[in-house]
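K.L.:
Sharing a structure with you now.
The values are calculated or read from the model by the stated rules, or taken from the named source; none is laboratory data. These numbers come from a predicted model, not from an experiment. Quick reminder, even Gly has a Cβ in these numbers, built from the backbone with ideal geometry, and neighbours come from all protein chains shown.
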Amino acid sequence: MSKFKTKSGVTLDYVDEGEGKPIIFVHGMVCSKAFFQKQIPYFSKNNYRALAVDLRGHGESEKPMSGYTIKTFASDLHELVQALGLKKPILVGWSMGSMVVWEYAAMFPDELGALICVDQGASDFAWPGWQYGVMTIQDLRDMAAALQTDRKPMYQELIQLMLHVPQKEESEFFLGEMMKIPPVIAEAIIMNQTFEDYRESVKGIRVPTLILFGEDPKLNPPEAGYWLHDQIPGSLIKTFKNSSHCPFWEESELFNQTVKEFADSLSAQ
């Protein structure tokens, strides 16, 4: 593992393996880079420089008392990219990580090679007229209370939704990573992320984009992915039959092959 300190003084923990075209995996809300343990070895052995970073407040990164916005996550990531001298990276965002890479695309549009968005709708909030929102005010109120009183059962319930067929060992791993985030930080992250709305901004994405969704709609309906596909010019989409929110975990071999084929096609162009 490696360490990087942002301009704001926050130390981020990241993994950086292999040589070649940089591909960076960005995790979801209250998760960590460890969720990509099935991707980093694969891509680093297949002519890619594979990276994953714990966003501030997550995993092994520092947990300051401020800065928990999608924009700050994107800015932190950009600082890391600049410090490592990475040119035109492929950014793979899963769940909230997709919002981070969309924000990155808006802030630094000329510095990207491609985007890959994994199982994340344009907004999680159930705005009037937005049929793909999965969070209501009541949900947020309940989550905030659970985080401050007894978060473990809430996370366990979330994990059941994240996985198509949850297994004990992997569920315990997911829970262990989630429990690393202090409750007050987790609440701040969830509140900011839920109210972010990228329905308009994704229409302006002009880099090659691949959209990947699990077909099990327990957490996010795949229709939200097809909506993105319709909005992002030239984008590609693929769904995974035996996955819910985590196709990179549940169907890792097919997921890795799909991402590699897309990434390889960029080099061929």
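K.L.:
For the stretch 85-107, enumerate the residues that are within 10 Å of the chain's Cα centre (by Cα) and farther than 20 Å from Phe43 by Cα.
P.N.:
Ser95, Met96, Met99, Val100
K.L.:
Is at least one residue of the stretch 5-21 of a type in the set (Asp, Glu) and over 13 Å from Leu84 (Cβ atoms)?
P.N.:
Checking the stretch 5-21: at least one residue is of a type in the set (Asp, Glu) and over 13 Å from Leu84 (Cβ atoms).
K.L.:
Suppose the filter is part of a helix (DSSP H, G or I), touching a Gly at 6+ places or on another chain (Cβ under 9 Å), surrounded by fewer than 19 Cβ atoms within 10 Å (Cβ to Cβ) and not acidic (Asp, Glu); does Leu266 pass it?
P.N.:
Taking the combined requirement at face value, the residue satisfies it.
K.L.:
Let me ask something else. Hey, can you tell me all the residues within the stretch 74-88 that are among the charged types (D, E, K, R) and within 18 Å of Met29 (Cβ to Cβ)?
P.N.:
Matches in the stretch 74-88: Asp76 only.
K.L.:
Only one of Ala114, Ala52, Ala126, Ala83 is over 30 Å from Pro221 (Cβ atoms) and modelled with pLDDT of 95 or more. Can you tell me which?
P.N.:
Ala83
K.L.:
Is there any pair linking a residue in the stretch 62-91 that is at positive phi to one that is at pLDDT 95 or above and part of a loop (DSSP other than H, G, I, E, B), with Cβ under 7 Å and at least six apart or on different chains, and which?
P.N.:
Pairs found: Gly67/Ser8; Gly67/Val10; Gly67/Arg56; Lys88/Leu112; Lys88/Gly113.
K.L.:
Which residue pairs have Cβ atoms closer than 7 Å, lie 6 or more positions apart in sequence or on different chains, and pair a first residue in the stretch 225-254 that is part of a loop (DSSP other than H, G, I, E, B) with a second residue that is among the hydroxyl-bearing types (Ser, Thr, Tyr)?
P.N.:
Once the first residue is part of a loop (DSSP other than H, G, I, E, B) and sits in the stretch 225-254, its partners that are among the hydroxyl-bearing types (Ser, Thr, Tyr) give Ile232/Thr209; Ser235/Thr209; His245/Ser95; Glu251/Ser243.
K.L.:
Does Met107 satisfy the condition of being over 28 Å from Lys218 (Cα atoms) and either of a type in the set (Ser, Thr, Tyr) or touching a His at 6+ places or on another chain (Cβ under 8 Å) (or both)?
P.N.:
Yes: the conditions hold for Met107.
K.L.:
Separate question: Can you name the residue in the stretch 160-187 that is surrounded by 19 or more Cβ atoms within 10 Å (Cβ to Cβ), in contact with a Phe, Trp or Tyr (Cβ under 8 Å, 6 or more places away or on another chain) and among the aliphatic types (A, V, I, L, M) and, of all such residues, is nearest to Val30 (Cα to Cα)?
P.N.:
Filtering first and then ranking leaves Met178.
K.L.:
Taking the stretch 1-20 as the search range and keeping residues that are assigned to a loop (DSSP other than H, G, I, E, B) and of a type outside the set (A, V, I, L, M, F, W, C), which one is surrounded by the most Cβ atoms within 10 Å (Cβ to Cβ)?
P.N.:
By that ranking, first place goes to Thr6.
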